[in-house]
Amino acid sequence: MLGIFPGSSASFSRKFALFSGIVSLSVFTSEIRPAESLNRIIATVGNQSISELDFDDAQDKYQRLTKYLKNEDMRKSLRTRIIDFLIDRAVVDSISEDESIQVNEKRLESEIEKRMEFMGITSRKQFEKAVESSSGMSYELWYTELPYQIKKTQLMQYKVPNHPPSDKDIRAWYAQNREKVGFEVQYRQIAISPNNDSITEESRIHKEATEIKKSVLSDPASFGLIAGSPRNTDAGLRARKGLIDWISSFELYKTNRSVAVALSSVPVGSVSEVFRDERKRYCIVKVEGKRPTPLENVRQGIVNLLSREKEDENFIKWVRESRSTVPIQIFDEAYKKENKIPDQQEHFNLD
């Protein structure tokens, strides 16, 4: 089948039984009407079949993903949208297979290890929490989406046309988001990392951060001294007394979103509230200075951001256009009626 819902043995058993039934029916095709032999198949995409069982499995996942899916036509019925969702995923699977893009268990684990290394995380449990925090979805849902995202990333690199944003788009975004990208900031940071994930350790670290906050509020000049002491558990920050020299808030937002958010509301010379960053550290920052940032200093960053925002839109457009290159047959009567597909037309290209 589609292979987008790994790990479900019950689903596999039902699909295997369905597949066996289809094979049996094909042997006796002269004795059974075509409609009866296909009455549990919704569609075929290339050499893949989409059955009612696939549809049942997809319903819950689709509804949990709806808020992350862009360009969904909510005027269409839920059934049509789920079938389109399955067809699009099958098209991606088909093209990925043609391009020899393989995503197996080993590849998934390798991808997770690379992401953990990039995030500076060694604990799998901590990584799962970080994924849930950054993605807004459960780790289980994120993991089932990972094979599709890997295929999407590779196909985006050399199959999907790249249309860079125009200068007008860049200037418009800069003007509308000046508070995010319109200044550079110099600040000091104290970061305290827990030794483990226990509640006792979390409580200890929170208490430590709260005491430091009270101390620097009573004596703002002490911030640098504390930031350069062992109480700052980040060795890199400690060596510079916590100082991060001038950086655009835009660049900071891309790499340390929680810090950027904390700094955005803190006046020069003031100290932030205690907050947790993407690495689950308890942090406090002090703003040493702010100054305007020219557009040209953040232009490439804006280009990258706008390009990423367009990725989903460009990718789904490419997938829909790629339907013309993959043989597709629809057997679902409700879908055919809603999309005005003639009954006699079994093989066609979807818009």
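The values are calculated or read from the model by the stated rules, or taken from the named source; none is laboratory data. Keep in mind that what you see is a predicted model, and the values were worked out from it rather than measured. In this analysis, Cβ positions are derived from the backbone assuming ideal geometry, glycine residues included, and neighbour counts consider all displayed protein chains. In case anyone asks, the SASA skips ligands and DNA or RNA and just uses the protein heavy atoms, side chains included. Shrake-Rupley method; radii C 1.70, N 1.55, O 1.52, S 1.80 Å.
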* Asked: Residue-wise, which Karplus ³J(HN,Hα) couplings in Hz belong to segment 225-238, taking 6.51 cos²θ - 1.76 cosθ + 1.60, θ = phi - 60°, and x for glycine or proline?
  -> 5, 5, 5, x, 9, x, 5, 8, 7, 8, 4, x, 5, 4
* Structure fact -> If each part is reduced to its alpha-carbon centroid, segment 291-306 and segment 155-171 end up apart, in Å, by 16 Å
* Asked: What does the charge add up to near L86, with Lys and Arg as +1, Asp and Glu as -1, over the other residues with Cβ less than 12 Å from its Cβ?
  -> -4
* To do: State the answer as a single residue: which of L53, I244, S77 lies farthest towards the positive end of the charge dipole of the chain, with beta carbon charges of +1 for Lys and Arg and -1 for Asp and Glu, about the Cα centre.
  => I244
* Using the alpha-carbon atoms, what tilt in degrees (0 to 90, nearest 10) does helix 167-176 show relative to the longest principal axis of the chain? -> 60 degrees
* Any idea of H206's accessible area? Nearest 10 Å², probe 1.4 Å. -> 90 Å²
* Structure fact -> Flagged as over-length at 32 Å C-alpha distance, from K129/K286; K67/K290; K280/K317, the pairs are K67/K290; K280/K317
* Using the Cα centre as the reference, give the magnitude of the dipole from point charges on the C-beta atoms of the chain (Lys, Arg: +1; Asp, Glu: -1; all else neutral), rounded to the nearest 20 debye. => 1360 debye
* Structure fact -> In nanometres, the difference between 0.36 nm per residue of separation and the alpha-carbon distance of E309 and K254 is 18.5 nm
* Summed side-chain charge close to P165 - residues other than P165 whose Cβ falls under 14 Å, Lys, Arg +1, Asp, Glu -1 -> 0
* Can you tell which of I150, P165, I87 lies farthest toward the positive end of the dipole of the chain, using +1 and -1 charges on the Cβ of basic and acidic side chains (Lys, Arg; Asp, Glu)? -> P165
* To do: Match the structure shown to one of the listed values [x] 1.06; [y] 1.09; [z] 1.17 of Rg/Rh (Cα atoms, Kirkwood Rh), computed from it, and give that label.
  => [y]
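Whole number in Å², please: accessible area per residue of segment 182-292, 1.4 Å probe, ligands, DNA and RNA not counted. The partial results should precede the final answer.
Values: 5560 Å² over 111 residues.
On a per-residue basis, 50 Å².
Summing Lys, Arg as +1 and Asp, Glu as -1, what charge do residues with Cβ under 10 Å from the Cβ of Y187 carry, Y187 excluded?
Cβ neighbours under 10 Å give a net charge of +1.
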* Expressed as a whole percentage, what fraction of the accessible surface of the chain belongs to carbon and sulfur atoms when a 1.4 Å probe is rolled over the protein heavy atoms? -> 51 percent
